[in-house]
Amino acid sequence: MEEIEKEVKERLSELDSKLSQKEKRYFHLQSIKNFVFHIFDSKNNIYKSDSRLKLINLKRNKELILDYLKKIENEENPKEKSMELFKNEVKVIGEFMNRNFGFVFAGGKIKYFVFLIWMTCGAFIDFVLMLTSKYSSYYFIIGLLILSISRILLKSKQKKVYGPNY
């Protein structure tokens, strides 16, 4: 086990037992747990690459996770800094995880916004079809809603979700 891996897992375990549920959401701890699950556990890490640049990025993101955990250990008022921490720290790691591990930005309350977007797209398609033909049903709105829900459930089961307050 690498030194950085050991330290990250210890700090994460300590924070998990020390913080309340509300504080965990403010610190986006579930997102960080999902990152650690895929980056550090070799059986989950399907990041196989001969590219030196990608391996450097992987190491850099391991260090970013450790730095983030060190930063939040002594944070007194998580509610005020929550979105700043997400934008400056978690989102950077999340974008790397999205590109290389198939993560989705749909954790926390953002998933409801994703559902709303898909439902709006489906409603628009159904509306256009209703205006241009005799077709008047709600197949697209229902289909796109089912698609988005099943995608988020699948990614959640695979622990490939991150988001604010998640």
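All other residues with a Cβ under 12 Å from the Cβ of Tyr26 taken together, and with Lys, Arg as +1 and Asp, Glu as -1, what is their net charge?
So the environment of Tyr26 carries a net charge of 0.
If each residue's Cβ is checked for other Cβ atoms within 10 Å, how do Ser17, Ser156, Ser137, Ser31 rank with the fewest at the top?
Ser17, Ser137, Ser156, Ser31
Sorted from largest down, what three extents in whole angstroms do the Cα atoms of the chain have along their principal axes?
Cα extents, longest axis first: 65, 42, 23 Å.
May I ask you to compute the full-extension gain from Met83 to Lys70, defined as 0.36 nm times their residue separation minus their alpha-carbon distance, rounded to one decimal in nm?
Extending this stretch completely gives an extra 2.9 nm.
Arrange Thr132, Thr120 by Cβ neighbour counts within 10 Å, fewest through most, would you?
Taking fewest neighbouring Cβ atoms as first place, the list is Thr132, Thr120.
Which of the trypsin sites (Lys or Arg not before Pro) found in segment 82-166 are in a DSSP loop and have at most 12 neighbouring Cβ atoms, other than their own, within 10 Å?
Here the sparse-neighbourhood loop sites are Lys109, Lys134.
Just want the ordering: Ile125, Ile117, from fewest to most Cβ atoms lying within 10 Å of their own Cβ.
Least to most surrounded, the residues fall as Ile117, Ile125.
To the nearest 10 degrees, how steeply does helix 3-18 sit against the main Cα axis of the chain, on a 0 to 90 scale?
70 degrees
Counting only C-alpha contacts under 8 Å and six or more residues apart, can you give the relative contact order of segment 55-166 as a whole percent?
Once divided by the residue count of segment 55-166, the mean separation gives 32 percent.
Can you figure out the FRET efficiency of Tyr139 with Tyr112, using R₀ = 30 Å and their beta-carbon distance, to the nearest 0.05?
Computed FRET efficiency for Tyr139 and Tyr112: 0.85.
Dipole size in debye (nearest 20) for the chain around its Cα centre, Lys and Arg Cβ +1, Asp and Glu Cβ -1?
520 debye
At a Förster distance of 30 Å, what's the computed FRET efficiency of Val128 paired with Leu153, Cβ-Cβ distance as r, to 0.05?
0.55
Every number in this text was worked out from the coordinates using simple rules, so none of it is lab data. Not measured: the values here are computed from a predicted model. Backbone-built Cβ (ideal geometry, glycine too); neighbour counts: all protein chains shown.
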